[in-house]
Amino acid sequence: MLTALLAGLALCLSLIVAPGAQNVFLLREGIRHAGSGRRHAIALALACLASDVVLIAAGVGGFGALVTSVPWIFDAARWAGVTFLAGYGALAAWRALRGSAGAVVVPATPGTQDHAPATTPGSGGTATLTRPAAVRSATLPAVLTCLAITWLNPHTYLDTVVMLGSISTTYGDARWAFGAGAVLGSAIWFAFVVFASRYAARFMRSPRSWRVLDAAVAVLMIALAAALALA
């Protein structure tokens, strides 16, 4: 049982650590909302983890054979993924060219009231959207984007439902321990990405650094879209 769990853990980590679209998106969002947006990054990580739980459970439960017997699922996911990744890459390229990372939430300095409403002198004290409120308003679109990146990538099904599901059958009655190990590996990785993004935010305090990051995101997303289109 322990052997199966450790095998699932190791295999999942070996598959998930690749610099794919999902990991890059999580890292960028975690950096962008570092400080006052901790819940934002955690929500995205939980969305990814929940997706992995569903997919891994489907694979271990034997749905891998069903998925491979319906090839149009991969074709539909592939072209939807190509369109989505190319569009996201184009937006990242536009941000890099404009030299603006958008509404970046800057970490609060010690002693400031992070929940205090922002006001403009002479405006009569009318409160604008607070930083936590701004983060909350951005979380749902970001979660939906993250889910699209996850579920519109056919490699997601190949890695989790098909590959992990197929290998789990070699462990017989311990296959669910193998699946639990894979879920644990996913949880460890996403927790690491959240932590890494908060650390990396220290080096993302200038507009130039955001232009470089967005340029890298654009190149990776468009390259992944091209790879899917030519697959």
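The values are calculated or read from the model by the stated rules, or taken from the named source; none is laboratory data. These numbers come from a predicted model, not from an experiment. All Cβ positions, glycine included, derive from the backbone under ideal geometry; neighbour counts span all protein chains shown. Accessible surface areas use protein heavy atoms only, side chains included; no ligands, DNA or RNA. Shrake-Rupley method; radii C 1.70, N 1.55, O 1.52, S 1.80 Å.
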Those residues that are open to solvent by 40 Å² or more (accessible area, probe 1.4 Å) and over 21 Å from the mean Cα position of the chain (by Cα), I need them from the stretch 145-196; list them, please. Ser166, Ile167, Thr169, Thr170, Tyr171, Asp173, Arg175, Trp176
Some residue of the stretch 138-147 being farther than 22 Å from Cys12 by Cα, hydrophobic (A, V, I, L, M, F, W, C) and not in a helix (DSSP H, G or I): no
So, of the residues in the stretch 44-73 that are modelled with pLDDT under 75 and open to solvent by less than 50 Å² (accessible area, probe 1.4 Å), which turns out to be farthest from Tyr171 (Cα to Cα)? Val70
Can you pull out the residues in the stretch 197-219 that are open to solvent by 40 Å² or more (accessible area, probe 1.4 Å) and in a loop (DSSP other than H, G, I, E, B)? Arg205, Ser206
Residues that are part of a loop (DSSP other than H, G, I, E, B), in contact with a helix residue (DSSP H, G or I) (Cβ under 9 Å, 6 or more places away or on another chain) and buried (at least 16 other Cβ atoms within 10 Å of the Cβ): does the stretch 3-10 have at least one? no
How many residues are open to solvent by less than 10 Å² (accessible area, probe 1.4 Å) and either within 19 Å of Ser209 (Cα to Cα) or part of a helix (DSSP H, G or I) (or both) if we restrict to the stretch 32-43? 3
Test Ala76 against the criterion of being at pLDDT below 70, surrounded by fewer than 16 Cβ atoms within 10 Å (Cβ to Cβ) and either part of a helix (DSSP H, G or I) or of a type in the set (Gly, Ala, Ser) (or both), and give yes or no. no
Under 7 Å between Cβ atoms, at least 6 apart or on separate chains: pull out the pairs that start in the stretch 199-213 with a residue that is at negative phi and end on any residue that is surrounded by fewer than 13 Cβ atoms within 10 Å (Cβ to Cβ). Pro207/Gly99; Ser209/Phe203; Arg211/Gly99
Determine which single condition Ala18 fails, assuming it passes every other condition in (1) under 24 Å from Leu91 (Cα atoms); (2) open to solvent by 10 Å² or more (accessible area, probe 1.4 Å); (3) among the hydrophobic types (A, V, I, L, M, F, W, C); (4) modelled with pLDDT of 80 or more. (4)
